[in-house]
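Visitor: Here you go, one structure.
The values are calculated or read from the model by the stated rules, or taken from the named source; none is laboratory data. What you are looking at is a predicted structure, and each value in this text was computed from that prediction instead of being measured. Glycine gets a Cβ as well: all are built from the backbone with ideal geometry, and neighbour counts include every protein chain shown. For the accessible areas, the whole protein counts, side chains as well, though only heavy atoms, and no ligand, DNA or RNA atoms are used. Shrake-Rupley method; radii C 1.70, N 1.55, O 1.52, S 1.80 Å.
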Amino acid sequence: MMSAEESRPGEPRDILSLPDDAGLHAVMAEIEARVARRREEGIYRDLEIQDLERDRLGEAKVIDLDPVHDLFTDPLQELSFMLQFARQFSDINTYYPIGARPGPLKPFIILVKRIIRRFMTPYMEVVFAKQRAFNEKLVRSLEAMVEILRVERERDYRGGVDRYTAWVEMGLRRQEAGLLEEAARRFEPERQVVNLYAGTGDFLEACAREGRKALGVEDDSRLVSMCQEKFLKVQHVHPLDFLKSCPVESLPGVFMQDLGERDDTRELLWTVNALADKVEKDGKVAVLNHHPASFRGVEEAFRDPTVLRLVHPDTMRALFLEAGFREAVVEAVDGRQGGEDGTRPEDAEIPAGEGAAALAEALRGPRYFLLEARR
Amino acid sequence: MGAETVAFVPPRYGLEVIGGAETLVRCLAEELHRRGRPVEILTTCAIDPYTWKTHYPPGIEHIHGVTVRRFHNQSRNVDRKVARTQQEISEGKSISRRRQEYWIRNVVTSEDMVRYLRENRDGYRAFVFAPYLFGTTYQGVLAVKDKAYIIPCLHDEPFAHLSIFRKMMHSARGIIFNSEPEMELVRRLYGKGMRGRVVGMGFEPFTADGRRFREKYGLEGDFVLYAGRRDVAKNTFLLMRYFCNYVHNTGRDVKLVMIGEPRVNIPYSFRDVIVDVGPVDERDKRDSYAAATFLCNPSVQESFSIVIMEAWLVGSACLVHGDCAVTRHHVERSEGGLWFRDYPTFHEAMDVLLESEGLRGSMGARGREYVLSAFCWDRVVESFLAALDDGGA
């Protein structure tokens, strides 16, 4: 006979063994028969979670929770729901529907109640006015608190700061129109360019300035709204789903920025391979990324908290060629115009000495690289 | 909008919206759109099913090419009367028709939408409302009775027994069911004469990378997956209790991984055994099916169960609750998993599924075959259009 205590890791266990192709009803019949046989052996101990906790931790350490309610209620949702009630009841007044049970005295009772309410109202209103003001403030504070909790949780779910929060709310996005216009000029004017992860729509604006037709693809609804406010053409869909839904060899041109610098590295491989399928023959893909060999490029990239890593231009080029692109050319670009006095910090003279040339090269090196790949 | 346009009317719609009925409507609408059928979505501006606060701006937007018209919804009036009525309905008490009407008016309604339906009824071929338990469906169906179809997504719960829903079901031109057991339930509740057709939802095979999910969330060894909303109605608590008892009784090294919302409080001594991943994106969800040893759906309130279909598509076996007519029906027809009725059967089914990799594999393969044959989009779209053509007869 086997008890719950006997079946511990490392000890032999009495397991039902069935052939791989056993039919469902045969398996269920075996299970039922086995349950009938072993039920008396005390194997199936089914305790409430609280009792299990007591068994494992001892009485003193168990936090006394309501077994169903406390395990399942999300405190934030509970708070939101209670806030609905609070809103309803915060606006207190003397009005209360008056009624009486059916009977011969009903009209009289209602009349008396109305008279009492009429006389009491001025006195009650004085008391209620203060309470109303207090309730209103309290509900407003609660609403603010729930909103803060919701935003914090959303950030937590996303595993950190998202692009909208970093770029728009925290103001950490630095975008140089010159670079994007240069990238836009790489595409032929009459062919449409698809900008995956369009973000705040800076590249789409650059395309408009350069007379290129561009369509943005973005999954963050807040960023999509920003693009729409600028009257830019943008589709609200996850860029990878968009790529997946495109017919084979249907995209004439694709532009992406910071490819592989966020999210899972596997997405980089998936995207490059998908592009090799979806971009039409002789179509072009341009990628603008931070240059990992550039001192300023690295510094600028990691100022953005959403960037996780940098991709070397040689790696990027190899990925595109491996995926089936006919050619892939990498060019270092910068597009920096200088400060108000026309000088740039990296133009400052570097004192001569050992390693000074390498330091100067790293400091003055272009911050970005632009990869152009052709099918 | 044209006279051939089919309008779907869910209470909320959007890529961020999580929910079985909402996903079903979105997938069906997008599939019809892909096949060149004119479709539109008429919905509210809300996203949160608890507060129904305005989230999206009213107006027109396009999601995956489908036109979505959003209308202002009335904010939820949670007064004493509504709360008390809801409580009494949940307890199965008899409620007057007037109170039922008052209650349903406070479960998300949109006067703008009802006005639009009345004014533009001739511009559409049909209005498909889903699911049944919302003011948008109730008031919408009554506004355009002769063009109204309902995808009720119904399960046996006290709300389904209200007389206002009997009236609504009988007012609609046709009912579109997700499964045979759901059709039987509707006929049992509202009369044998209910017109309807089983349509369900279509699926396409997809690839999933289980190793990626395991690496991302640091998971090793066997794990049982629970995917979906965590709720008493979904039996999440029962699964947690059974699972904790199973681990305690057997000492087995197996985890329960939960994806979805809302967060649950994990019992302290089982914090290493139950992993709450929280809400995940579509890719993680698909990868989780491939990564899991098998999926468990303990809910007894299902009208279709998208998660077991998706798990079968990647070849994972499923463990369901034997008291749920719908999931058990799928398991019996497909032979793609097992069911449990109580703790002892759960314990033995867990043992069988964890121990026998070959049996698990063959169950997953049979499940996949079932989904691909019974729920391919060609078949679903054909049934859906036939349901509209014959009014569900």
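Visitor: Under a 1.4 angstrom probe, counting protein chains only, how are B:R84, A:R317, A:R222, A:R101 ranked by accessible area, largest first?
Guide: Descending order: A:R101, B:R84, A:R317, A:R222.
Visitor: Let me have the relative contact order for chain B, percent, based on Cα pairs under 8 Å that are six or more residues apart.
Guide: Result for chain B is 14 percent.
Visitor: Quote the Stokes-Einstein diffusion coefficient, in whole µm² s⁻¹, for the stretch A:74-157, based on the Kirkwood radius over alpha carbon pairs, a temperature of 25 °C and a viscosity of 0.890 mPa s.
Guide: Result for D is 154 µm²/s.
Visitor: Counting only other chains, and only Cβ atoms inside 10 Å, what mean value do you get across the residues of B:351-359?
Guide: Other-chain Cβ atoms within 10 Å of each residue's Cβ, averaged: 5.
Visitor: If you don't mind, there's one more thing I want to ask. Return the average number of partner chain Cβ atoms within 10 angstrom of each residue Cβ along peptide A:18-24.
Guide: The per-residue average across the peptide is 6.
Visitor: Top to bottom by accessible area (1.4 Å), largest first, where do B:T327, B:T67 land?
Guide: Greatest to least solvent exposure: B:T67, B:T327.
Visitor: In percent, what relative contact order does the stretch B:210-374 have, based on Cα pairs under 8 Å that are 6 or more apart in sequence?
Guide: Taking the mean separation of contacting Cα pairs over the length of the stretch B:210-374, I get 22 percent.
Visitor: What average number of partner chain Cβ atoms lie no more than 10 Å from the Cβ of the residues making up A:43-50?
Guide: Across A:43-50, the average partner-chain Cβ count within 10 Å equals 6.
Visitor: Let me ask another. Give the calculated FRET efficiency between B:H170 and A:R174 to the nearest 0.05, with a Förster radius of 41 Å applied to their Cβ-Cβ distance.
Guide: The computed FRET efficiency comes out at 0.05.
Visitor: For B:R341 and B:E91, compute 0.36 nm times the residue count separating them, minus their Cα-Cα distance, and round to one decimal in nm.
Guide: 87.6 nm
Visitor: Rg(Cα) of the stretch B:274-343 divided by 2.2 N^0.38 Å?
Guide: The reported ratio for this selection is 1.09.
Visitor: Can you run phi through the Karplus equation (6.51, -1.76, 1.60; θ = phi - 60°) for the stretch B:102-118 and list ³J(HN,Hα) in whole Hz, with x for Gly and Pro?
Guide: Couplings: 4, 5, 5, 5, 9, 10, 6, 9, 9, 5, 4, 5, 5, 4, 4, 4, 5 Hz.
Visitor: A:A133: net charge of surrounding residues, Cβ under 13 Å, Lys/Arg +1, Asp/Glu -1, itself excluded?
Guide: For residues surrounding A:A133, the net value is +1.
Visitor: For chain B, what is the percent of antiparallel DSSP beta bridges, rounded to the nearest 5?
Guide: Looking only at bridges with both residues in chain B, the antiparallel portion is about 15 percent.
Visitor: For chain B, report the convex hull volume of the alpha-carbon atoms normalised per residue, in Å³, without decimals. Show your work: numbers first, answer last.
Guide: Working: hull volume 54.3 nm³, N = 393.
That works out to 138 Å³ per residue.
Visitor: What whole-number distance in Å separates the alpha-carbon centres of the stretch B:375-391 and the stretch B:327-370?
Guide: Taking the Cα centre of the stretch B:327-370 as reference, the centre of the stretch B:375-391 is 30 Å away.
Visitor: For A:Q257, enumerate residues with amide H under 5 Å from its amide H, sequence gap 5+ or separate chain, H modeled in the peptide plane.
Guide: Amide H to amide H, under 5 Å and 5 or more residues apart or across chains, A:Q257 pairs with A:L288.
Visitor: If you take every DSSP beta bridge whose two residues both sit in the protein assembly as shown, what share of them, in percent to the nearest 5, is antiparallel?
Guide: Of all bridge pairs located within the protein assembly as shown, approximately 25 percent are antiparallel.
Visitor: Non-local amide H neighbours of B:A130 (under 5 Å, H modeled in plane, Pro and chain starts lacking H): which ones?
Guide: B:V9, B:I151
Visitor: Something else now. Considering only the other residues whose Cβ falls under 11 Å of the Cβ of B:V144, what net charge follows from Lys and Arg at +1 and Asp and Glu at -1?
Guide: The answer is +2.
Visitor: Further question: Whole-Hz Karplus ³J(HN,Hα) for the stretch B:220-237, in order, using 6.51 cos²θ - 1.76 cosθ + 1.60 and θ = phi - 60°, x for Gly and Pro?
Guide: Ordered by residue, 3J(HN,Hα) equals 10, x, 6, 8, 9, 9, 10, 10, x, 5, 9, 7, 4, 5, 8, 6, 4, 4 Hz.
Visitor: So what's the net charge close to B:Q301: Lys and Arg +1, Asp and Glu -1, counting the other residues with Cβ under 12 Å from its Cβ?
Guide: Computed value for this residue: -4.
Visitor: So what does log10 I(q)/I(0) come out to for the stretch A:171-246 at q = 0.12, 0.23, 0.27 Å⁻¹, using the Debye formula with one equal point on every Cα and no solvent?
Guide: Here log10 of I(q) over I(0) equals -0.30, -1.05, -1.27.
Visitor: Right, something else. R0 = 51 Å: FRET efficiency of B:F206 with A:R364, Cβ-based, nearest 0.05? Each step should come with its number before you reach the end.
Guide: Values: r = 48 Å, r/R0 = 0.95.
Between B:F206 and A:R364 the formula returns 0.60.
Visitor: Okay, next question. Counting only the backbone N, which residues of the stretch B:94-113 are under 20 Å from the spot 7 Å out from the Cα of A:I110 toward its beta-carbon?
Guide: B:98-99
Visitor: Right, here's the next one. Run the helix sum for the protein assembly as shown: -39,500 (n - 2.57) per DSSP H stretch of 4+ residues, divided by residue count, reported at 222 nm to the nearest 500 deg cm²/dmol.
Guide: -13500 deg cm²/dmol
Visitor: Okay, moving on. What percent of all Cα-Cα pairs in the protein assembly as shown falls into each 10 Å bin, going from 0 up to the bin containing the maximum distance?
Guide: 2, 11, 19, 21, 20, 14, 8, 3, 1, 0, 0
Visitor: Over 20 Å between C-alpha atoms is what I'm after, so list which of B:K255/B:K285; A:K213/A:K284; B:K53/B:K93; A:K213/A:K278 land there.
Guide: Among B:K255/B:K285; A:K213/A:K284; B:K53/B:K93; A:K213/A:K278, the Cα-Cα distance tops 20 Å for B:K53/B:K93.
Visitor: I've got another one for you. Which value, in debye to the nearest 20, describes the size of the charge dipole of the stretch B:116-275 about its Cα centre when Lys and Arg Cβ atoms bear +1, Asp and Glu Cβ atoms bear -1, and nothing else is charged?
Guide: Here the stretch B:116-275 has a charge dipole of around 540 debye.
Visitor: Please compute the Kirkwood hydrodynamic radius over the stretch B:210-374, one decimal place, Å, based on all pairs of different Cα atoms.
Guide: 15.5 Å
Visitor: Report the accessible area of B:W377, computed with a 1.4 Å probe over the heavy atoms of all protein chains in place, in Å² rounded to the nearest 10.
Guide: Counting only protein heavy atoms, the figure is 20 Å².
Visitor: Where the centre of each part is set by its Cα atoms, how far does the stretch B:144-164 sit from the stretch A:254-327, in angstrom?
Guide: Using only Cα atoms to place each centre, the spacing works out to 51 Å.
Visitor: Order the following by accessible area, largest value first: A:S225, A:S294. Probe radius 1.4 Å; ligands, DNA and RNA are ignored.
Guide: Ranked list, largest accessible area first: A:S225, A:S294.
Visitor: Go through the stretch B:238-243 residue by residue and turn each phi into a ³J(HN,Hα) via Karplus (6.51, -1.76, 1.60, θ = phi - 60°); whole Hz please, and just put x for glycine and proline.
Guide: Couplings: 4, 4, 4, 5, 4, 5 Hz.
Visitor: For the stretch A:74-157, what's the relative contact order in percent, using C-alpha pairs closer than 8 Å and at least 6 residues apart? Provide the component values of the computation, followed by the final result.
Guide: On the way: 33 pairs, mean separation 39.8, N = 84.
Worked out over the stretch A:74-157, it gives 47 percent.
Visitor: Right, another one. Can you list residues from other chains, or at least 5 along the same chain, whose modelled amide H is less than 5 Å from the amide H of B:H55?
Guide: So B:H55 has HN proximity to B:A46, B:I47.
Visitor: Next question, about the same structure. Please report how far the C-alpha centroid of the stretch B:17-31 lies from that of the stretch B:269-317, rounded to the nearest whole angstrom.
Guide: First find each Cα centre; the distance between them is then 18 Å.
Visitor: With a 1.4 Å probe and all protein chains left in place, how much accessible area per residue does the stretch A:74-157 have, in Å²?
Guide: Heavy-atom accessible area per residue stands at 77 Å².
Visitor: Roughly what would the spin-label model give for B:R98 and B:R121, points 7 Å off Cα along C-beta, in nm?
Guide: In this crude spin-label approximation the distance works out to 2.7 nm.
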